Amino acid sequence: MSRELRIGMISWAHVHAEFRARAISEIPGARIVAIADDDLARGTAAAQRFGVDDVTADWRRLVERDDIDIVMVHSANSEHRDQVIAVAESGKHVFCEKPIATSIDDAVAMVEAVDRAGVDGTAAFVSRFSKEASTLKSIVDTGVLGEVLFTRSLIGLAGIAEIGCPPDMVEWMVDPVKGGGGAWIDEGAHGIDLLRWLVGDIAEISAMTANRHKPGLDVEDVALATVRYASGALGEIGTVWSLSADIGMRNHLEIYGTDGTALMRATDPFPRVEVYRSKDPAPWRGWTTPHIEPAEAEPHDYSSWPPHVHHYKREVAAYLDRAMADRRPYGPTLRDGLACTAVLATGYEAARDGQRHLVPAVADLLAEREVTQLT
């Protein structure tokens, strides 16, 4: 795609639409040309902020336009399926907010639609794009940690309302149907994707959920899962919607290997990555804190953005760079989204019955659907 990319935005229900729209407005070569929002006043206000002329309450009208290259979906979680499928069937590339779906069946249908249409389907796993996560990925990929034995992830917020999300977003996110759950599906999606990206597929899970501090919610404000990876490594994932800590957010991740240990503090008053390399000769053996700076090939300035959201600019910049050159995949794929949804849904099932469950693999889920359709 050598010409300017034309982007349509479905819904401002999620505040991430605002972050990504701002990023698009600051990056040459792409432009938002249409906004659809069932809350027409909200969509109109967004259009005025970003200089968009075409605003509608009907997302189907946006999808029907033949001059749009990419559609970004930021509606309530339960609405993603129909919108993503319609976008794919119209021949447009689609970018979908995480979690991509509230059920495995919905996520499978979305992946199948993208595959049939031959378009790119991206899952918005923005946590991969923090400088700390990128650095940790480069360290893990060198093999310096050896064989991974155990991982630990803690990711959470003071709460959706408490961190300043708009009331209309809070309303659907705490709805068990529209949001699909609470802290586990919301924050757990980030933790699960990072762990899959860094360590590999999760094969088995047990979990517990609870509401410890927000009795007014019909969903959990805390969840804890223990997992076994396909490699045999073990791990735990904790998520919180009632976090009490300085900036009201945390994204901590630990990886323990046979030859070293790596710690990531991505959302922290002092973001950093720490590494211990046991194979280093004395006197160099010990803990180091790598200096983190933008890559030479990263021309887009995000220093003016608050530290806890700078990764949205990096995510959109990377996505548009690949889309402009049609280098697929443009980002984390809908298959990644399906894999994450499978862990989330199986985790909820394990929490309900108190049993350990196998997590269905993406290939098996898609093969099962194909066999069902043939028969």
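What does the charge count around residue 201 come to, taking other residues whose C-beta lies under 12 Å from its C-beta (Lys +1, Arg +1, Asp -1, Glu -1)?
Working: positive: 196, 228, 335; negative: 193, 204, 336, 364.
In short, -1.
Can you give the Kirkwood hydrodynamic radius of the chain from its Cα pairs, in Å with one decimal?
Details: mean 1/r = 0.0470 Å⁻¹.
Hydrodynamic radius (Kirkwood, Cα pairs) of the chain is 21.3 Å.
Mind checking the per residue accessible area of the chain for me, 1.4 Å probe, whole number of Å²?
Numbers: 16140 Å² over 375 residues.
On a per-residue basis, 43 Å².
Over the chain, what percent of the accessible surface lies on carbon and sulfur atoms, probe 1.4 Å? Before the final figure, lay out the partial values.
Working: 8310 of 16140 Å².
In the chain, the share of accessible area belonging to carbon and sulfur is 52 percent.
Take every DSSP beta bridge with both residues inside the chain and express the antiparallel ones as a percent of the total, to the nearest 5. Provide the component values of the computation, followed by the final result.
Numbers: 42 of 70 bridges.
Counting only bridges with both partners in the chain, antiparallel ones make up about 60 percent.
The values are calculated or read from the model by the stated rules, or taken from the named source; none is laboratory data. Note that the coordinates shown come from a computational prediction; the quantities given were computed from them, not determined experimentally. Here Cβ is always computed from backbone atoms with ideal geometry, including for glycine, and neighbour counts include all displayed protein chains. Note: accessible area is taken over every heavy atom of the protein model, side chains too, but ligands, DNA and RNA are not part of it. Shrake-Rupley method; radii C 1.70, N 1.55, O 1.52, S 1.80 Å.
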